[in-house]
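Coordinate-derived values only; no laboratory data. These figures come from a predicted structure and were not determined experimentally. Note that we place each Cβ from the backbone using ideal geometry, even for glycine, and neighbour counts take in every protein chain shown.
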Amino acid sequence: MIDAFLNAPFWIDIENWPLSWEIGGTSWFPFLESIHVIAAALVVGAIATIDLRLMGIAGLRYPLTTLNRELLPWVWAAFVVATITGLGMFITRAASHVVNPAFQWKLVLLLLAGINMAVLHRSLGKLLRADVAPPTLRRAGALSLLLWCGVMLAGRWIGHIV
């Protein structure tokens, strides 16, 4: 069933959209790729700041709630930009991307990072102004950092696995 989905003809149809041709055949692709990398770096950088604070490694002067409140809007804004630019790049070679193991790993890691972030965010709300995160949140911060590093590495490999 999954094989039928991955090899479905609609992926080729997506590649043949006029927008796909415009992006893939002009300077739009490298422009989107550059913006995508910058947005992804903002996402991971802001999340890493919170994760390192959770792990007790950096930013110990700042309450977790303050970091969460100040950085989360940047994370979401950058994530939206990264998603839009990522979709723009995806449609140019949709049929190739869906069967690319690096792309598949990136999506799985993004899903896991999102689930971890939702659990973490819910727990952060209960901390109020705690100085030290409980061990479970320290582990969740470390897991988040590892997952986002995996997302970035998998994303980097997408263009190298054909």
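Overview of results
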| item | result |
| --- | --- |
| The stretch 69-90, residues that are touching a Leu at 6+ places or on another chain (Cβ under 7 Å) and surrounded by 19 or more Cβ atoms within 10 Å (Cβ to Cβ) | Ala78, Thr85, Gly88, Met89 |
| Number of positions in the stretch 43-61 that are free of Cβ contacts under 8 Å to residues at least 40 places away in the same chain and surrounded by 15 or more Cβ atoms within 10 Å (Cβ to Cβ) | 3 |
| Test: residue in the stretch 105-128 that is more than 17 Å from Leu143 (Cα to Cα) and within 19 Å of the chain's Cα centre (by Cα) | no |
